[in-house]
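What follows is calculated from the coordinates using simple rules that are stated; it is not laboratory data. Keep in mind it's a predicted model, so treat the numbers as computed, not measured. Note that we place each Cβ from the backbone using ideal geometry, even for glycine, and neighbour counts take in every protein chain shown.
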Amino acid sequence: MITSDREPKKAPASSQEASSAQRVSAPEAMRSATQQLTELLGRAPESVSALKPTEQGWEAEVEVVELERIPDTSSVMASYQVVLDPAGKLMAYERARRYTRAQVDREGR
């Protein structure tokens with residue numbers, strides 16, 4: 001029997017495992033959410049109104065102009081809930097609500 005004082009070599013982790021293990025920063029998550037949602041919807045988001053880290057990655061709320069009108073205050077907006085994995089890859093999205101740009105949220109809503 002041949003013995004060795006060397007430690008056995010570990011198999012290299014796949015690139016998918018390595019990338020999903022690392023969490024992107026908040027600014028990178030925001031950019032990722034807007035870029036990927038743009039690809040899916042064909043419209044560029046106006047803003048990211050919320051972003052929070054979760055155990056599964058990131059959750060963002062992204063505001064998009066769905067129907068442009070004149071004046072701008074009557075344009076129809078949509079708020080999308082976006083779920084990203086820790087590496088910033090889009091896992092799911094859902095339109096949460098639609099509203100006019102001039103609409104103000106009321107408390108208790």
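Quickly run through the stretch 51-82 and pick out the residues that are farther than 24 Å from ARG101 by Cα and crowded, with 16+ Cβ neighbours inside 10 Å.
Scanning the stretch 51-82 gives GLY57, TRP58.
Can you name the residue in the stretch 66-82 that is without any contact (Cβ under 8 Å) to a residue 24 or more places away in the chain and not acidic (Asp, Glu) and, of all such residues, is nearest to MET30 (Cα to Cα)? Spell out the reasoning first.
If we filter the stretch 66-82 for residues that are without any contact (Cβ under 8 Å) to a residue 24 or more places away in the chain, which is where we start, we get 67-71, 78, 81.
With the extra rule that they be not acidic (Asp, Glu), the set shrinks to 67, 69-71, 78, 81.
Values: LEU67: 23, ARG69: 27, ILE70: 29, PRO71: 28, ALA78: 17, GLN81: 12 Å.
So the residue we want is GLN81.
Does the stretch 52-69 contain at least one residue that is of a type in the set (A, V, I, L, M) and more than 14 Å from the chain's Cα centre (by Cα)? Write out each step before concluding.
Initially, the stretch 52-69 is screened for residues of a type in the set (A, V, I, L, M), giving 60, 62, 64-65, 67.
Imposing the further condition that a residue be more than 14 Å from the chain's Cα centre (by Cα) reduces the set to 65, 67.
Yes, some residue in the stretch 52-69 is of a type in the set (A, V, I, L, M) and more than 14 Å from the chain's Cα centre (by Cα).
Go through the stretch 84-97 and give me each residue that's of a type in the set (A, V, I, L, M), surrounded by 17 or more Cβ atoms within 10 Å (Cβ to Cβ) and assigned to a strand (DSSP E or B). Quick ask: steps written out before the conclusion?
Residues of the stretch 84-97 of a type in the set (A, V, I, L, M): 84, 87, 90-92, 96.
With surrounded by 17 or more Cβ atoms within 10 Å (Cβ to Cβ) added as a condition, the list becomes 84, 87, 90.
Of everything in the stretch 84-97, those that are of a type in the set (A, V, I, L, M), surrounded by 17 or more Cβ atoms within 10 Å (Cβ to Cβ) and assigned to a strand (DSSP E or B) turn out to be LEU84, LEU90.
In the stretch 29-51, what residues are hydroxyl-bearing (Ser, Thr, Tyr) and either more than 15 Å from ALA92 (Cα to Cα) or over 8 Å from the mean Cα position of the chain (by Cα) (or both)?
The initial filter retains those residues of the stretch 29-51 that are hydroxyl-bearing (Ser, Thr, Tyr), namely 32, 34, 38, 47, 49.
Correct list: THR38, SER47, SER49.
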